[in-house]
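Take a look at the structure set out below.
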Amino acid sequence: MRIDLSEKTAIVTGSSAGIGFSIARGLAGAGADVVVNGRSEKTVTAAVDKIRQEVPDAAVRAAVADVSTEDGANRVVDLAGDVDILVNNLGIFGATPALEITDDDWRRYFEVNVLASARLTRLLLPAMIERDWGRVLNIASDSAVVIPEEMIHYGTSKTALLAASRGFAKAAAGTGVTVNSVIAGPTHTGGVEDFVYQLVDRALPWEEAQREFMRTNRPQSLLQRLIEPEEIANMVVYLASPLASATTGGAVRVDGGYVDSILP
């Protein structure tokens, strides 16, 4: 199966590291013109340089902006030009006991994890519909379905993202535009390493800490290991392609079997 995204332009939010970086690299490898986004010029520039090193002839450029703000979202859209593929990857997470989550915490999680995606979709979806081709992909989480006790604000925000994705898919009904969510399971990123060490003994070596985390905090995973970011990216690149033309309004799982259901 060959995926060809040449002549397509993609924005990947929060793509200077982790899952977002792997998605940006995967899209570039398929031939897309990729806009790498993040808040730090240093990290975004480093990510662009790394993709250029790893993907020969990659078409990749930087868009430094905080897309959780209206000004930042407008800046990225202006820099990108006509956008065919929007990957709303930006997200924040962290462990906080349920009864200690403040109003400000709740607002911040919804601003970053839900509103940023909804805003960019609102800005870009009309032109995709007019051109009769486009892809909007929202990176959700198993926590949207299996709400973790230690971060219900995060899980709830990702549940809202699933609902928003389904609604926007209906707005694009009957066109060549698809809107989907990707339910990512526990994934190995730098941020997740920090999160794991919030829950297990920091004195443990990483491999042992990872096993302990999966055993005690994510025992229902059928994969029984953390997912690598490239494994999430592979699904996103497919869903972004013409090959996935009949998949829309869905919540596609790349969760290692974590969600205990035969349906999404």
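Considering the range 244-260, and only residues there that are out of contact with any Lys or Arg (no Cβ under 8 Å at 6 or more places or on another chain) and in a loop (DSSP other than H, G, I, E, B), the residue that is surrounded by the fewest Cβ atoms within 10 Å (Cβ to Cβ) turns out to be 246. There is at least one residue in the range 196-215 that is farther than 24 Å from residue 111 by Cβ, assigned to a loop (DSSP other than H, G, I, E, B) and open to solvent by less than 50 Å² (accessible area, probe 1.4 Å). Of the residues making up the range 81-92, just one is surrounded by fewer than 20 Cβ atoms within 10 Å (Cβ to Cβ) and among the hydrophobic types (A, V, I, L, M, F, W, C), namely 92.
Taken over the range 1-16, residues that are modelled with pLDDT of 95 or more, surrounded by fewer than 24 Cβ atoms within 10 Å (Cβ to Cβ), under 19 Å from residue 234 (Cβ atoms) and not charged (D, E, K, R) amount to 3. Taking each residue of the range 229-243 that is open to solvent by 50 Å² or more (accessible area, probe 1.4 Å) and looking for partners that are β-branched (Val, Ile, Thr) with beta-carbon atoms closer than 7 Å, six or more apart or interchain, yields 231/254; 235/182; 235/252; 235/254; 238/3; 243/3. The set of residues in the range 142-191 being open to solvent by 10 Å² or more (accessible area, probe 1.4 Å), outside any helix (DSSP H, G or I) and touching a strand residue (DSSP E or B) at 6+ places or on another chain (Cβ under 9 Å) consists of 145, 175, 176, 186, 188.
Is it fair to say residue 71 is open to solvent by 20 Å² or more (accessible area, probe 1.4 Å), at pLDDT 95 or above, acidic (Asp, Glu) and in a helix (DSSP H, G or I)? Considered against the rule, which asks whether it is open to solvent by 20 Å² or more (accessible area, probe 1.4 Å), at pLDDT 95 or above, acidic (Asp, Glu) and in a helix (DSSP H, G or I), residue 71 comes out as yes.
Scanning the range 37-46 for residues that are buried (at least 24 other Cβ atoms within 10 Å of the Cβ) and farther than 22 Å from residue 128 by Cα yields a single hit, 38.
Residues that are open to solvent by 60 Å² or more (accessible area, probe 1.4 Å), more than 20 Å from residue 141 (Cβ to Cβ) and not in a helix (DSSP H, G or I) do not occur anywhere in the range 17-36.
The values are calculated or read from the model by the stated rules, or taken from the named source; none is laboratory data. All values reported here derive from a predicted model rather than from experimental measurement. Positions of Cβ are generated from backbone atoms using ideal geometry, with glycine treated the same way; all protein chains shown enter the neighbour counts. SASA here: full protein model, heavy atoms, side chains in, ligands and nucleic acids out. Shrake-Rupley method; radii C 1.70, N 1.55, O 1.52, S 1.80 Å.
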